[in-house]
Amino acid sequence: MRAYDPVKRAVDVVVGGVALVLSLPLQVVVAVLVRLKLGSPVLFRQPRPGKDERVFELVKFRTMLETDSTRGLVTDEQRMTPFGSFLRSTSLDELPTLWNVVRGDMSLVGPRPLLVRYLDRYTAEQRRRHDVRPGVTGLAQVSGRNALTWDAKFAKDVEYVDHRSLRLDASIIARTVAQVLRRDGISADGDVTMPEFLGSQRG
């Protein structure tokens, strides 16, 4: 374990806890709007692999309509609404994730937690992204977010694992704020978010 990791956890608890409390009024407003515009449930909950691939329940605000084939709501593109897109582009959907940070499931900064089914698709090098807690934001997000290819994202994740520090975390948080204000890299070309990761090309 790096000497920085206990400091990083302390920062997560203090900063994440303060941010969670201060954001509660805004979260109440967003929750009401989600209920009015998208219905129930208000929160999106999904198992995600965290540090050492231990699975936890990620909590966010819901940004898509429920799947309903009778209404033509099947794909992410069909289920996404302008309101949901706004929540994602402003990262307001991530506010409940601060609870995951305080609990210790996640960190403020680290590789983004992806789907459990991706675990068997990583290369040995890519799996190293799980050597640290996943983050609300990360080096891959401020280096292009969903506009990056999967391989490029994972390379940035591993780079973060190898070089994590207080200075790097502060830089990533500052760059995240600037990126959210610009609303850059929300989706990949041709997709509402990011196409499914099917595994990297090998040899």
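The values are calculated or read from the model by the stated rules, or taken from the named source; none is laboratory data. All values derive from a computational prediction rather than experimental measurement. Counting neighbours? That spans all protein chains shown, and the Cβs are built from the backbone with ideal geometry, glycine included. SASA here: full protein model, heavy atoms, side chains in, ligands and nucleic acids out. Shrake-Rupley method; radii C 1.70, N 1.55, O 1.52, S 1.80 Å.
Legend: residue pairs 37/153; 8/60; 51/156, Cα-Cα distance threshold 21 Å; pairs beyond threshold, 37/153; 8/60. If you take every residue apart from residue 60 with its C-beta less than 13 Å away from the C-beta of residue 60, what net charge results, scoring Lys and Arg +1 and Asp and Glu -1? Net charge in that neighbourhood comes out at +1.
In a fully extended conformation the segment linking residue 168 and residue 124 would gain 13.4 nm over its present Cα-Cα distance, using 0.36 nm per residue.
Around the amide H of residue 95, modelled in the peptide plane, lie the amide H atoms of 61, all under 5 Å away and 5 or more residues distant in sequence or on another chain. Based on C-alpha pairs under 8 angstrom that are at least 6 apart in sequence, the chain has a relative contact order of 21 percent.
Each residue of the range 102-113 is assigned a 3J(HN,Hα), and the resulting list reads 4, 5, x, 5, 9, 10, 5, 10, x, x, 5, x Hz, derived from the Karplus form 6.51 cos²θ - 1.76 cosθ + 1.60 (θ = phi - 60°), x at Gly and Pro. Taking only protein heavy atoms and a 1.4 Å probe, the accessible area of the range 1-60 is 70% carbon and sulfur.
Only the Cβ atoms of Lys and Arg (+1) and of Asp and Glu (-1) were treated as charged; on that basis the dipole of the range 26-185 about its Cα centre amounts to roughly 260 debye. The GluC sites (Glu not before Pro) found in the range 35-134 that occupy coil by DSSP, while having at most 13 further C-beta atoms within 10 Å, are 66, 125. Using alpha carbons only, the radius of gyration of the chain set against its Kirkwood radius gives Rg/Rh = 0.95. Taking amide H atoms as placed 1.01 Å from N in the peptide plane, the amide H of residue 55 lies under 5 Å from those of 50, each 5 or more residues away in sequence or on another chain.
Backbone phi angles across the range 165-171, fed through the Karplus curve with coefficients 6.51, -1.76 and 1.60 (θ = phi - 60°), yield HN-Hα couplings of 6, 4, 5, 5, 4, 4, 5 Hz in residue order; Gly and Pro are listed as x. Extending 7 Å from the Cα toward the beta-carbon at both residue 77 and residue 36 defines two label points whose distance is 3.1 nm. In the full protein context, the range 19-175 carries 48 Å² of accessible surface per residue, based on a 1.4 Å probe and ignoring ligands, DNA and RNA.
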